[in-house]
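Trainee: First the structure, then my questions, so here it is.
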């Protein structure tokens, strides 16, 4: 009888799954960060402000809510359809502050949802994005933000 109980106990212990066993080993996976592509458009001319005003990466500063520098990229390739697009990398502070030469500061608060799956690179989605003091459109599927001046 003791032998049967030990075997049943062993089967239960080995056969039980935990949430941790459902997660893949992501230690060797390199995931892309959550990004937001930003276009700054002159509402009167419908032109890209970055291109028309020859704004360079040195003319742009991105910080988080703690005033810490936040990495970003500026696409500066005239043959690219993304020329003049700023790529912002989501901050753990959930607020980015965009300063562009000759423009008022743009504060961009947002939330990051919980991941929907256990996949390695499911980092969640950017939600409830706003832009203080500027009209804007945000396509959450494409993570594309258009700010109008």
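Trainee: In units of 2.2 N^0.38 Å, what is the alpha-carbon radius of gyration of segment 82-149?
Mentor: This ratio for segment 82-149 stands at 1.21.
Trainee: Here's something else I'd like to know. Going by average Cβ neighbours within 10 Å, how do the peptides 25-31, 70-76, 54-60 rank, with the highest at the top?
Mentor: Top to bottom by mean Cβ count within 10 Å: 70-76, 54-60, 25-31.
Trainee: Right, something else. Considering every Cα-Cα pair within segment 31-148, what fraction, in whole percent, is farther apart than 25 Å? Walk me through the numbers on the way to the answer.
Mentor: Working: 1409 of 6903 pairs.
Above the 25 Å cut-off, segment 31-148 has 20 percent of its Cα pairs.
Each reported figure results from applying straightforward, stated rules to the coordinates on display, with no laboratory input. Not measured: the values here are computed from a predicted model. Cβ atoms come from the backbone with ideal geometry, glycine included; neighbour counts cover every protein chain shown.
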